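Here's the structure we're looking at; comments come further down.
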Amino acid sequence: MTATEAEALLIPNGAKKPYDAHAINKIEDVELGEEFIVYKRRWFVLIVFSLLSLSNGMIWITFSPIATFSEEYFNVDVFWINALSMVYMIVYIPGSPIGSYILDKFGMRTGVVIGAALNAVGAWVRVIGCGGDNLFVLVIIGQTLCAAAQCFILCIPPQLSNNWFPDNEQSTAVAIGSLFNQLGIAIGYFLSSIIVTHRSDMVKLLIIHSIICSVAGILTVCGLINKPPTPPSFSAREAIISGQTENVKSWIHTLSSIIKPLKNKSFVLLIFGFGCSQGMFFAINTVFDQLLQDYSYSRESGYVGVVMVLSGIVGAFPFSVFADRTGWYVLVLKASFIVLIASMLFFTLVLQLQVLSNIKILMYISSAILGIASTATLTMSLNVGVMAVHPVPEATSASYLLNSAQVFGVLSTILIGIFIKTNRSLCLWVSFGVTATFSSLVLFFNTKINRDK
């Protein structure tokens, strides 16, 4: 299809009558003097995807809140329990380019359905792994399948928001799509903490997870659609006309899309700043139970984790809404990283000063603030990252950021897991120092926001 033919098909006035009835209103691009139709179904598509993302996040964190119990249950070293979380980060690194290629070539729906299938199958394989002695390898295989599923899930929010939402709702849509994954982590923390008290409870927990993943998969197959009949914004129409949707691309064009983000110095700074901050947050979630073992609230690690993640969901959402309302995307991005550095310092001090170990409220407060800051940097980085390198496909820019987070996450988890046993104090301060240093790079982020052009 030529650009002219594509443009002719995408003129809003040419929308088919059956779809016009589903439009909420027509959004006008003030600068360009054009109207774009938005559809009610966009919220249904977003929620269906978000539930799938929720289930995948829940699977990731399953064993971290009960690491000590899991170590005894499976009769393995705690390293292998941590590995069940790290496998998510490890698989994403080689898997995300494959996921991005499938999403670009065959469309968002095809990629996400593949992810939903892997997620459900992997969850049930984990259940089989609890069926007897020496079956821990099946738990690893199941967890790995779910890890592969995230390669078709984590990078979707920017693409889904661009396909379905007008410009003034896209940050909000990205936030919702990303925050449901965080909500899944919170649910995972909570379920593991309240269900697993005896040996027989492990199978019960994994069956509940499998049912949730299966329901999310069915909803995805039945309810997820690539895009509406007409684009909701100028950027969405521009992407379609330029051939950056599901159409088969030339290798030259694909290679150009991969290389172009690396030529943007600000985006490279964001890759390192975001990667380190999120990677450290992944590591903290993974070893949280081990971090709190020496304190009187160590048994409450699951509940502290729930507070950390839920606070992030509630507290980070206003960042995206404010950015959408004001258009101050870069300013809000930098503010979120400043808050992150301060919250990481507070969290480190609370863990470091053992005299505070009996004041549980400080642990909850510091964890809540850290959760807010980490989640705010997640949603803002994904959205601003897409804007900074537009019209590079959303999945490509998101993959760069998320891959960086996985690399830092694996390294941080391994190093913290090793040194926390020998020198907790040094481990905590080095973790803070590294996070603060890399996060500060984002303060030098200075590039034009191209999405609205």
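Things worth noting here:
- Number of the condition not met by GLY115 [criteria: (1) within 15 Å of the chain's Cα centre (by Cα); (2) closer than 19 Å to GLY129 by Cβ; (3) at pLDDT 95 or above; (4) of a type outside the set (Phe, Trp, Tyr)]: (2)
- So ASP133, is it touching a Lys or Arg at 6+ places or on another chain (Cβ under 9 Å) and surrounded by fewer than 24 Cβ atoms within 10 Å (Cβ to Cβ): no
- Residues being more than 17 Å from LEU291 (Cα to Cα), assigned to a helix (DSSP H, G or I), free of Cβ contacts under 8 Å to residues at least 40 places away in the same chain and of a type in the set (A, V, I, L, M) are represented in the stretch 340-350 by at least one member.
- The residues listed here are ALA117, ALA123, ALA148; of these, the one that is aliphatic (A, V, I, L, M) and without any contact (Cβ under 8 Å) to a residue 60 or more places away in the chain is ALA148.
- CYS155 meets the stated requirement of being under 23 Å from VAL392 (Cα atoms) and either touching a Leu at 6+ places or on another chain (Cβ under 6 Å) or not acidic (Asp, Glu) (or both).
- Residues satisfying the stated conditions in the stretch 24-54, i.e. modelled with pLDDT under 50 and either closer than 21 Å to VAL112 by Cβ or surrounded by 15 or more Cβ atoms within 10 Å (Cβ to Cβ) (or both): ASP29
- Residue satisfying condition, being more than 22 Å from THR326 (Cα to Cα) and among the aliphatic types (A, V, I, L, M), within set ILE414, ILE372: ILE414
- Residue in the stretch 158-176 that is over 23 Å from SER233 (Cβ atoms), touching a residue at least 24 places away in the same chain (Cβ under 8 Å) and of a type outside the set (Val, Ile, Thr) present: no
- Of the residues contained in the stretch 141-161, none is found to be among the β-branched types (Val, Ile, Thr), closer than 24 Å to GLY371 by Cβ and in contact with a Pro (Cβ under 6 Å, 6 or more places away or on another chain).
- Residue in the stretch 204-211 that is more than 30 Å from PRO391 (Cα to Cα), charged (D, E, K, R) and crowded, with 24+ Cβ neighbours inside 10 Å present: no
- Of VAL392, VAL434, all but one fail to be of a type in the set (Val, Ile, Thr) and part of a helix (DSSP H, G or I); the exception is VAL434.
- Where SER96 falls short, out of the listed (1) under 24 Å from PHE408 (Cβ atoms); (2) in contact with an Asp or Glu (Cβ under 8 Å, 6 or more places away or on another chain): (2)
Quick grid of which residues meet (1) of a type outside the set (A, V, I, L, M); (2) touching a strand residue (DSSP E or B) at 6+ places or on another chain (Cβ under 6 Å); (3) surrounded by 19 or more Cβ atoms within 10 Å (Cβ to Cβ); (4) touching a residue at least 24 places away in the same chain (Cβ under 8 Å):
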site	(1), (2), (3), (4)
ILE313	no, no, yes, yes
ALA316	no, no, yes, yes
THR326	yes, no, no, no
LEU333	no, no, yes, yes
SER336	yes, no, yes, yes
LYS360	yes, no, no, yes
LEU370	no, no, yes, yes
SER381	yes, no, yes, yes
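- Filtered residues of the stretch 366-402 (kept if closer than 15 Å to ASN264 by Cβ and at pLDDT 85 or above): SER381, VAL384, GLY385, TYR400, LEU401
- Condition check for GLY57 on (1) modelled with pLDDT under 90; (2) closer than 18 Å to ALA123 by Cα; (3) touching a Gly at 6+ places or on another chain (Cβ under 9 Å): one failure, at (1).
- Whichever residue in the stretch 55-87 is under 21 Å from LEU118 (Cβ atoms), of a type in the set (Val, Ile, Thr) and in a helix (DSSP H, G or I) and, among such residues, is farthest from the chain's Cα centre (by Cα): VAL87
- Residues of the stretch 249-304 satisfying the condition of being among the charged types (D, E, K, R), modelled with pLDDT under 85 and farther than 25 Å from PRO65 by Cβ: LYS249, LYS260, LYS263
The values are calculated or read from the model by the stated rules, or taken from the named source; none is laboratory data. For clarity, every value in this text was computed on a predicted model and none was experimentally measured. Heads up, the Cβs are rebuilt from the backbone with ideal geometry, glycines too, and the neighbour counts pull from every protein chain shown.
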